[in-house]
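Chemist: Can you read through this structure? Questions will come right after.
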């Protein structure tokens, strides 16, 4: 099946009407047309898009295809009472684009599987699509298909991003070697610190003061440059927190790491641009900055494009991940950092 | 994020624990290991699979990539009390593979985004994966990644299949021309007729007597041969019923059609191999047979591999889709056929 075919398919929650093709809250043709109008310029890489059984994509000669999928569920990855629909759409896609950035690749096409409750206002879907398509346009990628269905409970979106990278230039998690230095792009902890404000205050916070949480920008340009110039030996995007994602690099590479607390670039949030607690920077997810390692012989610039690069430590032999505090003491860095914040 | 990373991510339903990384019902490492063990032979097309930010796929020179996504939701596409887990896994993947078949393509890799309720028994997931991976193996395709999350209500799976087709040989829905003959593979209506037994009897029916519903086989070989020999001018898989899917071919091609009721191959179901009501064959979804058109000058064989091919009508000028009954009378074929079965 294919994009918006789902709205014509056999849908319903009750046994009697299970196989009944019934009228749906969002008229199929109108929705397809509205989305087609919004799609903007066609991509040379998308040979056939919405309106067939599959999308047909052109992959450049000598390039390999990259594929990543990310689920976003209401109540788990976002809450409708906290997040404006544009932010939900933006964040859905940002997760997928960030995975492409973490391979050093270029996104080609996006696919969206979207299930919404029958009673959801159409304007919510429109604004969700606006947020998603605005980020797609800024990343130079088109929405090329997907699927839709009526959800029994809550909004759920699965985003698939297909990209490409020159053969052999994709940066894996498994390439870190002892002696490599560890770097991160941008600042860390801003997204998680904003999220903790939600939990404490139990009310909305203004999205424009907390862009790291509501509208995080995947580091596509930095990823491309790190791959093109063969600077990075391994790379991952920080989606689940530095401590967790650094552990992933170490496990896949069979190495350890030592980082320095004072070197971690801490985000500033809110109107007052207050620096966040360093624990958010160590353990907070959803920043979508890049964490990468570079061989000692390579020079890493202080900025790539607009984005500052910070060196935070180095890769070691062994398996342990250690952190050095301000007094020079070393302790093990647990990936379960969020436990500290449990109420 | 990437396959099984979801199980380490910030998950939970309640605001307080929203950002808390907590113990999960399915231990991540064990699940990854169990699935890795089950994956069987590696594919040459999958350069890097589970365990990085993206899967890296090799697309053969001169080929284009095909991408399709299909949502399967509990209560909408399946019911846990009716469908054995192996059937749910099989049917999820069958939908995606059938889309690749309908383009005349070859599947390369499968991605599964799976959200399950916290209380779901682990054995259900195991058996679901068994059904999915058994079909994958028989289609010569590997599971190369995906995402997981805890679902607030019911099981939901989004399947992505990536395939390839020789450049320019993908068969679109839009290529039907007046005078082309209309064909279908196999027999129609078996899946929907079995489904109506569920609704009437409200109890399980034995899967082995109703393979069309529980274990439909996507027509990959037939699709490949139709594309390779350039026999088909347009093609679609019958996922929502002949009347709906024929309308899609006609709309995308800007043509009409005339089919003959007596020529429609009607499925036989149950232990007694009873033929189903022709209305199931006309309007019933989920058969995953192929519907295709061929230019009048081309000869279509009576079988392709194991699968019989039936000629059921021809493409006409204009927009109408007509059906000729046994007495020669012509009437319009409505795509809303399932309304007749509403109780």
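Chemist: Run the label-point distances for residue A:317 please: 7 Å along Cα to Cβ, every other copy, nanometres, shortest first.
Modeler: 8.3
Chemist: Take the alpha carbon gyration tensor of the stretch A:98-246, find the square roots of its eigenvalues, order them as a ≥ b ≥ c, and report rounded if a/c is under 1.5; if not, report prolate when a/b exceeds b/c, else oblate. Spell out each step's value before the answer.
Modeler: Working: a/c = 2.30, a/b = 1.41, b/c = 1.63.
Here the stretch A:98-246 falls in the oblate category.
Chemist: Please give, to one decimal in nm, the separation of the simple spin-label points placed at residue A:137 and residue B:324, each 7 Å out from Cα toward the Cβ.
Modeler: If labels sit at residue A:137 and residue B:324, their model points lie 5.1 nm apart.
Chemist: Pop the C-beta distance of residue B:332 and residue A:153 into the FRET formula with R0 = 35 Å and round what comes out to the nearest 0.05.
Modeler: Numbers: r = 39 Å, r/R0 = 1.10.
So the FRET efficiency works out to roughly 0.35.
Chemist: Once the label point is set 7 Å along the Cα-to-beta-carbon vector, what list of distances in nm do you get between residue B:300 and its counterparts in the other copies?
Modeler: 6.0
Chemist: Here's another thing I want to ask about it. Measuring from a point 7 Å out along Cα→Cβ, what nm distances, shortest first, does residue A:178 have to its partners in the other copies?
Modeler: Computed spacing set for this position: 7.8 nm.
Chemist: So, one more: Rounded, prolate or oblate: which one fits the stretch A:158-199, using the alpha carbon gyration tensor with axes a ≥ b ≥ c (rounded when a/c is under 1.5, else prolate when a/b beats b/c, else oblate)?
Modeler: In terms of gyration-tensor shape, oblate.
Chemist: Within the stretch B:236-334, what percent of beta bridges assigned by DSSP are antiparallel, to the nearest 5?
Modeler: 75
Chemist: I've got another one for you. Let's test the formula: R0 of 25 Å, r as the Cβ-Cβ distance of residue B:262 and residue B:297. What FRET efficiency results, to the nearest 0.05?
Modeler: Taking R0 as 25 Å, the efficiency between residue B:262 and residue B:297 is 0.50.
Chemist: For the stretch B:237-334, what mean projected area does the convex hull of the alpha carbons give, in nm²?
Modeler: Working: hull surface 28.7 nm².
One quarter of the hull surface, i.e. the mean projection, equals 7.2 nm².
Chemist: Here is a further query. Mind giving me the FRET efficiency for residue B:317 and residue B:221? R0 is 30 Å, r the Cβ-Cβ distance, nearest 0.05 is fine.
Modeler: The formula returns an efficiency of 0.35 here.
Chemist: Now for a separate question. Report the relative contact order of the stretch B:240-343, percent, no decimals, based on alpha-carbon pairs under 8 angstrom and at least 6 residues apart.
Modeler: 43
Chemist: Taking the Cα centroid of the stretch A:307-333 and of the stretch B:67-105, what is the distance between the two, rounded to the nearest whole Å?
Modeler: Spelled out, the Cα-based centre of one part sits 46 Å from the other.
Chemist: Take the alpha carbon gyration tensor of the stretch B:194-238, find the square roots of its eigenvalues, order them as a ≥ b ≥ c, and report rounded if a/c is under 1.5; if not, report prolate when a/b exceeds b/c, else oblate.
Modeler: Prolate.
Here, each number is a calculation from the coordinates, and none is a lab measurement. Remember, it's a predicted structure, so these values are computed and weren't measured experimentally. Every residue, glycine as well, gets a Cβ built from its backbone with ideal geometry; the counts of neighbours run over all protein chains shown.
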